[in-house]
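**Q** Dumping the structure here so I can ask a few things about it.
The values are calculated or read from the model by the stated rules, or taken from the named source; none is laboratory data. From a predicted model like this one, the values you see are computed outputs, not experimental measurements. All Cβ positions, even for glycine, are placed from backbone atoms using ideal geometry, and neighbour counts span all protein chains on display.
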Amino acid sequence: MRLKHIPNALSLTRLLLCVPLAILAPFSILYIVLFAIACVTDSLDGQFARRIKNAKSELGATLDSIADICLVIVIVFAIMPKMQLWGWLWITYICVLSLKVTVSTGIGLIRFREFISLHTLSFKALVIVLFSYPLLYYFIGAGTFINVFSTVLICCALLVVIEEILIISLLNKPARNITSIFAVRGLNQASGL
């Protein structure tokens, strides 16, 4: 395998790991190991894509976004129901996830005729926290702390989704690796559209 294919292989590995993670019993040792591997691949694929010559690609960016969404879906539908969370938290997170998938993706499809999933700094931070969530639960267990942490996580996720919707609405042309809402103006000026 050529070095430039490593990032795509890592994203594909994360995507494939979603299958056993959706089927296995959450919080078993095997589950936690596979989940940790999936999280590590998320961290490494982008780093390798930026550091290896000719490794960045549209396919890789799309594959990374799809793998991220699939892993988030596993967290929401396979892990969260087993976490003894306050009921409204799970429902609220499904609503926020639905908002991201329908509105954000819909605006991207309508405006640019392509699937757009942004990799803003706030999104990257949210993914790190979200992926640490089941591991944190595994070591701490149920209780008030995990519910309060979940509430903060949902509020942060909502802010990230709102930022993504605003960015996609304001951009003149698609740009997946925009850092934040504050970079839109400069990017639009640079594109000259």
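**Q** Hey, among the residues in segment 166-179 that are closer than 13 Å to residue 115 by Cα and aliphatic (A, V, I, L, M), which one's modelled with the highest pLDDT?
**A** 168
**Q** On the basis of being part of a loop (DSSP other than H, G, I, E, B), surrounded by fewer than 17 Cβ atoms within 10 Å (Cβ to Cβ) and under 18 Å from the mean Cα position of the chain (by Cα), does residue 77 make the cut?
**A** no
**Q** Does residue 17 satisfy the condition of being part of a helix (DSSP H, G or I), buried (at least 18 other Cβ atoms within 10 Å of the Cβ) and under 19 Å from the mean Cα position of the chain (by Cα)?
**A** Here the answer is yes, as residue 17 does meet what is asked.
Rundown of residues vs (1) part of a helix (DSSP H, G or I); (2) without any contact (Cβ under 8 Å) to a residue 40 or more places away in the chain; (3) crowded, with 19+ Cβ neighbours inside 10 Å; (4) among the aromatic types (Phe, Trp, Tyr), yes/no style:
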residue: 44; (1), (2), (3), (4): yes, yes, no, no
residue: 93; (1), (2), (3), (4): yes, no, yes, yes
residue: 101; (1), (2), (3), (4): yes, yes, no, no
residue: 115; (1), (2), (3), (4): no, no, no, yes
residue: 125; (1), (2), (3), (4): yes, yes, no, no
residue: 133; (1), (2), (3), (4): yes, no, no, yes
residue: 138; (1), (2), (3), (4): yes, no, no, yes
residue: 145; (1), (2), (3), (4): yes, yes, no, yes
